[in-house]
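Please read the structure below before turning to the comments.
The values are calculated or read from the model by the stated rules, or taken from the named source; none is laboratory data. The structure displayed is predicted, hence computed values, not measured ones. Every residue, glycine among them, receives a Cβ derived from its backbone with ideal geometry; neighbour counts consider all protein chains shown. Calculation scope for accessible area: heavy atoms of the full protein, side chains included, ligands and nucleic acids excluded. Shrake-Rupley method; radii C 1.70, N 1.55, O 1.52, S 1.80 Å.
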Amino acid sequence: MMLLDRYLIREFTRWFGLILSVFVLLYLLVDFFGRLRMFLSNNALPSQMVAYFLYNLPMIVSLTLPAAILVATLLTLGALSRNSEIIAMKACGVSLYRIFLPIILCAGLLSTFNFLNGEFLVPEANQRAEHIKRVEIQKKEPRGTFKRNELWYRGEKGIYNFKVFDVETLTLHGITINYLDARFHLTHRVDAEWAEWKEGRWQFHNVMIARFADGEFPQLTWAEHQAVDLPESPLDFQVVQKDADQMGYFELGAYVRKLRAEGYDVTRYTADLHGKLAFSFVSLILVLIGVSFPVISERGGGAARSIAAGIVLGFSYWLLHAFALSLGRSGTLPPLLSAWTANLVFFVLAAFLVRRVQT
């Protein structure tokens with residue numbers, strides 16, 4: 001069995017390495033031509049373009065790895081089935097479940113690697129790639145940072161601090177703006193509960209303004225609604241705000257706990273948090289589907305049709321997962337249910353197919 005295990009693992013890793021390389025290369029080519037105009041218009045150096053795509057590699061691997069595992073499984077077992085090797089193994093008394101075991105273990109190890117990659121490499125690499133694009137290539141001055149789960153921005157009129165910037169609704173929450181003079185002395189401060197981008201300007205709500213004069217007690221004013229003329233638009237803050245895709249699981253979890261403790265709506269971020277954990281299991285579910293089709297095709301014929309059906313099912317996972325997750329972000333479904341809906345549906349399908357193989 002050790003000899004057979006090594007043989008199966010070698011065949012699987014050979015196909016997996018080839019398929020993953022092809023997927024990554026195709027992704028890079030499409031992304032390169034999509035950004036070629038931006039590179040040329042900003043006179044980007046070849047070294048800058050290479051560095052940008054190198055820092056994007058961890059994210060690309062994370063996105064394409066589950067599909068590569070599925071296709072590698074289909075090709076490995078499909079080749080064994082065509083060469084009657086599965087029949088020979090069964091004739092020697094090896095069960096189908098035991099034949100599948102090395103490939104399932106490989107998928108489990110790759111799933112663990114993908115989770116760790118998304119936790120430690122992808123967030124830092126994405127930030128570095130964004131810095132190369134905006135600062136080194138587009139020559140834009142960095143004005144803000146996302147630090148300690150808050151957004152800090154050096155604006156034209158002062159220093160801004162926001163607890164949350166919702167890129168979907170274009171709203172700011174937990175606002176503090178410190179206005180400084182030419183000598184960096186605090187002239188006045190604006191605190192607001194939230195603000196919305198409306199008709200080309202910021203509309204603040206529940207606003208308190210403190211004005212500081214030399215040697216005098218601060219003057220406080222309060223307004224329920226007030227338009228505030230900030231030179232910055234939502235696009236300026238969107239560049240700085242960290243999206244859930246740019247955070248690891250534990251970093252996003254800390255962000256959700258902080259926002260919940262401060263009384264903000266965390267439905268969207270909670271759905272993304274559960275989605276990150278659910279997505280880490282997709283490789284195992286897809287490999288269970290993948291091991292079934294080539295073996296079923298022994299009896300039903302049409303190996304190419306089985307492989308095509310397996311690929312369609314694999315990519316259907318992403319469609320269902322994205323759709324269900326969008327319902328969770330909007331609050332239509334509970335965040336936990338929306339994140340695991342696709343996993344539950346495809347796990348039931350995988351269990352049915354594996355059971356059918358044995359029968």
Scan (1) touching a Lys or Arg at 6+ places or on another chain (Cβ under 8 Å); (2) in a strand (DSSP E or B); (3) surrounded by fewer than 17 Cβ atoms within 10 Å (Cβ to Cβ) for the single condition E168 breaks and write down its number. (2)
Any residue in the range 21-34 that is under 12 Å from N56 (Cβ atoms) sitting within a Cβ distance under 6 Å of a residue that is part of a helix (DSSP H, G or I) and aliphatic (A, V, I, L, M)? List the pairs, counting only those 6 or more apart or interchain. V24/I60; Y27/I60
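Yes or no: the range 102-124 includes at least one residue that is acidic (D, E), within 19 Å of the chain's Cα centre (by Cα) and surrounded by fewer than 14 Cβ atoms within 10 Å (Cβ to Cβ).
Taking every residue of the range 102-124 in turn, at least one turns out to be acidic (D, E), within 19 Å of the chain's Cα centre (by Cα) and surrounded by fewer than 14 Cβ atoms within 10 Å (Cβ to Cβ).
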Enumerate the pairs (first residue in the range 38-56 and under 13 Å from R134 (Cα atoms); second residue anywhere and among the aromatic types (F, W, Y)) with beta-carbon separation below 6 Å, excluding pairs fewer than 6 apart on the same chain, so at least 6 apart or on different chains. M49/F39
What's the number of the condition L235 fails, among (1) free of Cβ contacts under 8 Å to residues at least 60 places away in the same chain; (2) assigned to a loop (DSSP other than H, G, I, E, B); (3) open to solvent by 60 Å² or more (accessible area, probe 1.4 Å)? (2)
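Can you report the number of residues in the range 187-230 which are in a strand (DSSP E or B) and either among the aromatic types (F, W, Y) or within 40 Å of the chain's Cα centre (by Cα) (or both)?
27
Pull up the range 64-87, narrow it to residues that are among the aliphatic types (A, V, I, L, M) and farther than 18 Å from L18 by Cβ, then point me to the one that is surrounded by the most Cβ atoms within 10 Å (Cβ to Cβ).
Here the residue is I86.
From the list M49, M59, M2, M38, exactly one residue is closer than 20 Å to S280 by Cα, out of contact with any Pro (no Cβ under 9 Å at 6 or more places or on another chain) and not acidic (D, E). Which is it?
The conditions single out M59.
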If F279 satisfies all but one of (1) open to solvent by 60 Å² or more (accessible area, probe 1.4 Å); (2) under 30 Å from I104 (Cα atoms), what's the number of the condition it fails? (1)
If we ask which residues in the range 238-276 are assigned to a helix (DSSP H, G or I) and either hydrophobic (A, V, I, L, M, F, W, C) or open to solvent by less than 10 Å² (accessible area, probe 1.4 Å) (or both), their number turns out to be 14
Read through the list (1) crowded, with 18+ Cβ neighbours inside 10 Å; (2) more than 18 Å from A244 (Cβ to Cβ); (3) touching a residue at least 40 places away in the same chain (Cβ under 8 Å), then give the number of the only condition that I175 fails. (3)
Are there any pairs, at least 6 apart or on different chains, whose C-beta atoms fall under 8 Å, with the first in the range 202-231 and without any contact (Cβ under 8 Å) to a residue 12 or more places away in the chain and the second open to solvent by less than 70 Å² (accessible area, probe 1.4 Å) and not acidic (D, E), and if so, which? P218/A210; Q219/A210; Q219/A213
Candidate set from the range 178-197 (those that are touching a Gly at 6+ places or on another chain (Cβ under 8 Å) and over 16 Å from H225 (Cα atoms)); member that is modelled with the highest pLDDT: N178
For residues that are small (G, A, S) and surrounded by fewer than 16 Cβ atoms within 10 Å (Cβ to Cβ), tally how many sit in the range 34-63. 3
